[in-house]
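Only one structure is covered here, and it is reproduced in the block below.
The values are calculated or read from the model by the stated rules, or taken from the named source; none is laboratory data. Quick caveat: nothing in here was measured; it's all calculated off a predicted structure. When we count neighbours, we look across all protein chains shown, and the Cβ atoms used for this are built from the backbone with ideal geometry, even at glycine. In case anyone asks, the SASA skips ligands and DNA or RNA and just uses the protein heavy atoms, side chains included. Shrake-Rupley method; radii C 1.70, N 1.55, O 1.52, S 1.80 Å.
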Amino acid sequence: LHRRRHSFPTRRSSDLIQKSLEMDAINKQQHQGILRQLELVEKEEKLYNILNNYIGDANGNKFNNIVQRITMSHLFELANLRLESLMDRYQLSLGSTDDEDSIWVVDTHMGDEWRSIDSVSGGERFVISLALALALSDMASQNVRIDSMFIDEGFGTLSPDDLYNAIAMLERMQVEGDKLVGIISHVESLKERIGTQIVVEKLQNGESTLYLKCNEEQRSLKIIGV
């Protein structure tokens, strides 16, 4: 008769099994941590994919165009506020996304008809340009104080009514906005509306002279070089 022998794990084998179990628990913990990190990375990747889809561009042009369009829309809003008091017939609007470089005017006197900026008269275009210049001043004044503004010519293309409205607008802006408004022009009718003038007068010898005209009084001016 043979007796069956029973083998029992030794102390050494028990230690190895315990260490394996501990290592397995550690590996499972690390695995869970990696899964959580992977989940965070996938969420971040999804966000970047969305950004890349809307504004991604090798040269950054796509994002620049979006920012410029937002800025232009804000500029037109401010210009339209100026146009309401300067010339209430027109409102400015940007073209569609397929034609972003186009500028349109909405003719409120013709049932809000959309017209190309090229279809308005020279005088009307000047008033629109003036409204845009004033809107730029409004935008810049949010961060920088602008105390003076100079407008070079353009008044000769205005009708008497448009000229009167433009000057009235500038005078009101100078008084209410506490700004110095300067106009460079050859239009004779403007002289009656401008009290203080720096007059450039051409002499017979080809030279020119400057003098200050204030309420019909003339004072000589000297230019001092720095």
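Computed from the alpha carbon atoms alone, the convex hull of the chain holds 328 Å³ per residue. Straight-line cross-link partners of Lys62 among the lysines, defined as a Cα under 24 Å from its Cα and at least 8 positions apart when in the same chain: Lys43, Lys46.
Taking every Cα-Cα distance in segment 121-217 and sorting them into 5 Å bins starting at zero, the pair-distance distribution P(r) comes out as 3, 11, 20, 23, 17, 13, 9, 4, 1, 0 percent. Tell me, what % of the accessible area of segment 110-217 is carbon and sulfur with a 1.4 angstrom probe? Of all accessible area on segment 110-217, carbon and sulfur atoms account for 51 percent.
Taking Cα centre as origin and charging only the Cβ of basic (Lys, Arg, +1) and acidic (Asp, Glu, -1) residues, the dipole magnitude of the chain rounds to 2640 debye.
Only one residue of Leu38, Ser121, Asn53 has its Cα farthest out toward the positive end of the dipole of the chain, where Lys and Arg carry +1 and Asp and Glu -1 on Cβ, and that residue is Leu38. Farthest toward the dipole's positive end in segment 106-226, which of Thr196, Ala140, Thr157, given Cβ charges of +1 (Lys, Arg) and -1 (Asp, Glu) about the Cα centre? The Cα lying farthest towards the positive end belongs to Thr196. Note: relative contact order over the chain, using C-alpha pairs below 8 Å and six or more positions apart, is 11 percent.
Hydrophobic long helices, here whole DSSP H runs in the chain with Kyte-Doolittle means of at least -0.5 and Cα atoms spread over 15 Å or more along the helix axis, are found at 61-86, 122-140, 160-176. Annotation: per residue accessible area for the chain equals 77 Å², rounded to a whole number [probe 1.4 Å, protein chains only].
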